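The values are calculated or read from the model by the stated rules, or taken from the named source; none is laboratory data. Here the structure is a predicted model, which is why all the values come from computation and not from measurement. Don't worry about glycine lacking a Cβ; one is built from the backbone with ideal geometry, like all the others, and counts go over all protein chains shown.
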């Protein structure tokens, strides 16, 4: 993780502490950035994902108003919006967000307060269905947004770059749902998917190369890359859908 990102996180915590004071319970960094301490190659510079989980003692309209300037500042820095929950919601929504809580269990760094994730037991009763729903809904959104950018190669490529991290995360959970010991690093997950599903993952590899400014195969025409990218996601959905018949 770069020095600038560390400074952003420190400033975020400081702003949250000032705004919420004793209403702020916990702040946790999770996902690829949290794993960067051990897996430096999993976290990229200009397309970094600082996923932050903020737990308050309560969340009302007043808390949202108090947090608005912070959230606008954080989003303006190019980071995804923090996930906000009350302490009560954390314990009441474990069955609804098995992927998110499993990610936090696997990869997290405590930034403030107690570790509210440590003793959580992830409910996996609806795990497979949740993964499939996330894949299908995000594919629909990708198609909708892509259809508006087909005549703009730069915007279309950026759309793919912005979304590939999410689909790598979903791919990891697809492997876990199949009983496979999925890796944490994105490229390792992509390679596991290639071997497990027997699909061409070149579009995913190209997009990861571009995100990380690494030399690799030429991206070629963004329209063709987008089409092949959609095919990869569809294959992944079919794989998850078939798990229901075999489990």
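Values computed for the structure shown
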read-out	value
Residues that are crowded, with 16+ Cβ neighbours inside 10 Å and at pLDDT 95 or above, drawn from the stretch 236-247	236, 237, 239, 240
Residue satisfying condition, being modelled with pLDDT of 90 or more, part of a loop (DSSP other than H, G, I, E, B), closer than 24 Å to residue 171 by Cβ and touching a helix residue (DSSP H, G or I) at 6+ places or on another chain (Cβ under 6 Å), within set 117, 94	117
Flag for residue 149 being assigned to a loop (DSSP other than H, G, I, E, B), at pLDDT 95 or above and either surrounded by 14 or more Cβ atoms within 10 Å (Cβ to Cβ) or not assigned by TED's automatic domain parsing to the domain that holds residue 95 (or both)	yes
Members of the stretch 82-91 that are loosely packed, with under 15 Cβ neighbours inside 10 Å and either at pLDDT below 90 or touching a strand residue (DSSP E or B) at 6+ places or on another chain (Cβ under 6 Å) (or both)	91
Residues that are in a loop (DSSP other than H, G, I, E, B) and at negative phi, drawn from the stretch 161-210	178, 180, 181, 182, 183, 184, 185, 199, 200, 201
Candidates 143, 108, 125 - the one that is surrounded by 12 or more Cβ atoms within 10 Å (Cβ to Cβ) and over 15 Å from the mean Cα position of the chain (by Cα)	143
Unmet criterion (only one of (1) within 20 Å of the chain's Cα centre (by Cα); (2) at pLDDT 95 or above) for residue 212	(2)
